[in-house]
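Would you mind keeping the following structure in view while I ask a few things?
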Amino acid sequence: MSMDNAVSEFIGEVKQILAEHGASAHGLELIAEQMRDFVRNPAVTGDADAPAGNVHVGRQSRPLYTDETGLTLVRARFGPETMTPIHDHGSWGIVGVYRGRDRYQIWRRLDDGATPGKARVELVEELILQPGDVVIMPSPPQDLHAQQGYGGEAAYEFVLFGKNAMVRPRTYFDPVHGTTREVLPDQR
C-alpha cells in the first residue's frame with residue numbers, strides 16, 4: 001500500500017465516523033482508534049525522511065489532506081530544543097506519534113475569555129507519548145496544549161484537525177503573566 005492510499009483509506013474511515021457520530025466524545029475516540037492504526041502502518045511510517053514541518057512554530061508542511069469542510073491531516077516535527085508556547089488551534093484534533101517521543105502538555109483555560117489579551121490557564125497533565133500513542137485535543141476552548149521532542153530527540157507525528165489549522169489564527173498563552181495573543185499561521 002502506498003502513502004497516498006493509506007491516507008485515502010484513513011480519511012475515508014474518519015469521514016464515515018464523523019457522518020455517524022460527529023465530533024462527539026465517542027466519535028473522537030473512534031477516530032483516535034483509526035489514528036492508532038494509521039501511525040503503525042508501514043506505508044506511512046516507512047518514509048522516515050519525509051519533510052515534516054513543525055506546524056506550531058511557523059515551519060508548516062503542506063497538508064497531506066484537506067477538504068472543503070476543513071478536515072486536515074498534517075505531518076509535524078517537534079524538536080527537543082524547546083517547548084512550544086501553550087497554544088490552541090481553534091479545532092479538535094487527533095495527534096498520533098510515529099517516531100521519537102513527544103512531551104505533550106494538556107492545559108485548561110480557567111477564565112471566560114471576556115477580557116482581550118488576558119487569560120488564566122493551568123497545566124492539567126503532562127504525557128510522554130511513544131510511537132503508536134495517540135492523544136485527543138478536545139474542541140475549543142479546551143484545545144490548549146504545548147509540545148516538545150523528548151529525550152534529546154525530535155518527535156514525529158500526524159495530526160488530524162477538524163478545521164484547517166494551517167489557515168486559522170491560533171492563540172498563544174503566557175501563564176506567568178496571565179496574557180494571551182492571537183497569532184496568524186505565518187507569524188510567531
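The values are calculated or read from the model by the stated rules, or taken from the named source; none is laboratory data. Quick caveat, the model's predicted, so the values are computed rather than measured. Here the Cβ is made from the backbone with ideal geometry for all residues, glycine too, and neighbour counts use every protein chain on show.
Could you tell me which residue of region 19-42 is nearest to Leu71 (Cα to Cα), considering only residues that are in a helix (DSSP H, G or I) and over 18 Å from the mean Cα position of the chain (by Cα)? I'd like the intermediate steps shown before the answer.
Of the residues in region 19-42, the ones in a helix (DSSP H, G or I) are 19-21, 25-38, 42.
In the following step, the residues that additionally are over 18 Å from the mean Cα position of the chain (by Cα) were identified as 19-21, 26, 42.
Details: Ala19: 13, Glu20: 16, His21: 15, His26: 18, Pro42: 23 Å.
My answer is Ala19.
Of the numbered conditions (1) within 14 Å of the chain's Cα centre (by Cα); (2) in a strand (DSSP E or B); (3) not acidic (Asp, Glu), Arg168 fails exactly one; give the number of that condition.
Looking at each condition in turn, Arg168 falls short on (2).
So, in region 114-150, exactly how many residues are of a type outside the set (Asp, Glu) and surrounded by fewer than 12 Cβ atoms within 10 Å (Cβ to Cβ)?
4
Mind listing whichever residues of region 100-123 are within 20 Å of Ala32 (Cα to Cα), assigned to a strand (DSSP E or B) and either over 15 Å from the mean Cα position of the chain (by Cα) or among the β-branched types (Val, Ile, Thr) (or both)?
Let us first name the residues in region 100-123 that are within 20 Å of Ala32 (Cα to Cα), namely 100-107.
With assigned to a strand (DSSP E or B) added as a condition, the list becomes 102-107.
The answer is Ile106, and nothing else.
Ok, one more. Evaluate the following for Phe158: is it more than 24 Å from Glu33 (Cβ to Cβ), touching a Leu at 6+ places or on another chain (Cβ under 9 Å), at pLDDT 90 or above and aromatic (Phe, Trp, Tyr)? Talk me through it step by step, then tell me what you get.
On the way: more than 24 Å from Glu33 (Cβ to Cβ): no; touching a Leu at 6+ places or on another chain (Cβ under 9 Å): yes; at pLDDT 90 or above: yes; aromatic (Phe, Trp, Tyr): yes.
Answer is no for this residue.
For Asp37, which of the numbered conditions (1) loosely packed, with under 14 Cβ neighbours inside 10 Å; (2) modelled with pLDDT of 95 or more; (3) of a type in the set (Asp, Glu) fails to hold?
The number of the failed condition is (1).
Write out, first by first residue and then by second, each pair whose Cβ atoms fall under 7 Å of each other, whose residues are 6+ apart or on separate chains, and whose first residue, in region 1-19, is more than 12 Å from Val44 (Cβ to Cβ) while the second is of a type in the set (Val, Ile, Thr) and assigned to a helix (DSSP H, G or I).
Here the result reads Val14/Ile31; Ile17/Ile31, each pair linking region 1-19 to a residue that is of a type in the set (Val, Ile, Thr) and assigned to a helix (DSSP H, G or I).
Is it fair to say Tyr172 is in contact (Cβ under 8 Å) with a residue 12 or more places away in the chain and more than 26 Å from Ala25 (Cβ to Cβ)? Show your work before the answer.
On the way: in contact (Cβ under 8 Å) with a residue 12 or more places away in the chain: yes; more than 26 Å from Ala25 (Cβ to Cβ): yes.
Judged against the criteria, Tyr172 is a match.
Each row is one residue, and each column tells you yes or no for (1) more than 27 Å from Leu30 (Cα to Cα); (2) of a type outside the set (Phe, Trp, Tyr); (3) touching a residue at least 60 places away in the same chain (Cβ under 8 Å).
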position: Asp112; (1), (2), (3): yes, yes, no
position: Thr115; (1), (2), (3): yes, yes, no
position: Gly152; (1), (2), (3): yes, yes, yes
position: Tyr156; (1), (2), (3): no, no, yes
position: Val159; (1), (2), (3): no, yes, yes
position: Asn164; (1), (2), (3): no, yes, yes
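Filter region 151-165 down to residues that are buried (at least 22 other Cβ atoms within 10 Å of the Cβ) and part of a loop (DSSP other than H, G, I, E, B), then give me how many there are.
Number of matching residues: 2.
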